[in-house]
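What follows is one structure encoded as structure tokens, with my remarks underneath.
Read-outs: derived from the displayed coordinates by stated rules, not from any lab. Computed from a prediction, not measured in an experiment: that's the story for all the values here. Using ideal geometry, Cβ is built from the backbone for each residue, glycine included, and neighbour counts are taken over all protein chains shown.
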Amino acid sequence: MRILVADRTHFKYASIICDTIEESAKIRGTGIAKRTPEYIQKKMENGNAIIALRGDEFAGFCYIEVWGHEKFVANSGLIVHPDYRGTGLAKRIKQAAFDLSRKKFPEAKLFGITTGLAVMKINYALGYKPVTFSELTDDPEFWNGCKTCKNFDILTRTERKMCLCTGMLYDPLVKKPGLKERIFNPKAFQRLKQIKEKLLLKAQKK
């Protein structure tokens, strides 16, 4: 398995990347900010994407987005082809995207929003912590990217304070806990999701 910084030679994989991301979201029943092949190709051209290949076969992908004049960086669109799920590939791709982000933007805060416990676990192991949306970028272009997500109405109703996604942040200026202290508790994160869902459901009934 090759895990590479993507470039123009990988443009041919843009469509399957978009299709795989969208299909995965449908299966999970979660919202997702849709991206076009042209958008993915731009990330490749700028050296802001990681691709995993088995020979010439697409296996996985993740890209970097820069916000707030390079004060914030997001690793987005993490996806693994169904044929390679359950192999630990997602963790390897996310690690590569994290390392690339730290190399290109060493002073930036890294963040992400996700509903997936598996991604939360990977982020937590890298040193991310759960945060409120107010601690993330206030760049309107980032939040406009959520318009294609089926949960966007929740985000707008709460004035961008809450949604079904959980915000996670890595701040390079904050001392990170040791490995023993970074034990992921899936029950705690699941409980957090349930509390948010109840609060949002209650707000919808008002």
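Does region 26-134 classify as rounded, prolate or oblate by the C-alpha gyration tensor (a ≥ b ≥ c root eigenvalues; a/c under 1.5 gives rounded; else a/b over b/c gives prolate, otherwise oblate)? Since a/c stays below 1.5, the shape of region 26-134 is classed as rounded.
How charged is the neighbourhood of residue 57? Take every other residue with its Cβ under 13 Å from the Cβ of residue 57, and add Lys/Arg as +1 and Asp/Glu as -1. After counting each charged neighbour, the total is +1.
Just to confirm a number: summing +1 for Lys and Arg and -1 for Asp and Glu over residues other than residue 137 whose beta-carbon lies under 14 angstrom from that of residue 137, what do you get?
Details: positive: 71, 109, 160; negative: 65, 70, 135, 138, 139, 141, 171.
Result for the local shell: -4.
Distances between placed amide hydrogens fall under 5 Å for residue 128 paired with no residue 5 or more residues away or on another chain. A Förster distance of 45 Å, applied to the separation of the beta-carbon atoms of residue 87 and residue 159, puts the FRET efficiency at 0.65. Relative to one another, the C-alpha centroids of region 112-141 and region 46-108 are positioned 15 Å apart.
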